[in-house]
Amino acid sequence: MSKSNKPKTLEEKLDLTKITTDQNYAHIEINPEICKTKCTTYDCVYGCPADCYKFTEGEEADGPVVFDYVACLECGTCRIVCPHGSVDWKYPKGGFGVEFKHS
C-alpha cells in the first residue's frame, strides 16, 4: 500500500508531538500586573497555536489572562507578540519539553 501524498493537517502534525512536562518548573511565566495595567489587545491569547493562554473568569483572578504551560510547543510566539514584556520565557530543563516528529 502506498503512502498518500496529501499533506498532513496541523492537527495531524500536532498529534505526532510528544511533550514531557516538568511539573515543578514552569518554563514560561506571565506578569499579571503588566497584563492588567498595560495590555488591551491580549495578543498572546490570539497568537498561541497551542491555545495555552486563556481569559480569566471571576473577580478572584490575578489578571485578565492565565497561562498553562503543559501543552506549550515552545515556539516563542507569546514572547514575540507581547508588546509589553509580560512573558518571561526560558527553555525547559534538560529531558523536558517538546519532541517533534515529522513522519
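Since every read-out is calculated from the coordinates, none of them should be taken as a lab result. Bear in mind that the values here come from a model prediction, so they are computed numbers and not experimental data. Counting neighbours? That spans all protein chains shown, and the Cβs are built from the backbone with ideal geometry, glycine included.
Here are some notes:
- Over the chain, relative contact order from alpha-carbon pairs under 8 Å, at least 6 apart, %: 40 percent
- Mean silhouette area of the chain, derived from the convex hull of its C-alpha atoms and averaged over all directions, reads 8.6 nm².
- Within straight-line cross-link reach of K90, lysines at Cα separation under 23 Å, skipping those fewer than 8 residues along the same chain: K18, K36, K38, K54, K101
- Pairwise label distance in nanometres, K93 with I80, each label 7 Å out on the Cα-Cβ vector: 2.9 nm
- For the chain, the 222 nm mean residue ellipticity estimated from helices alone, with every DSSP H stretch of n ≥ 4 adding -39500 (n - 2.57) and the total spread over all residues, rounds to -5000 deg cm²/dmol.
- Label-point separation in nm, N5 to E29, each point 7 Å along Cα→Cβ: 5.2 nm
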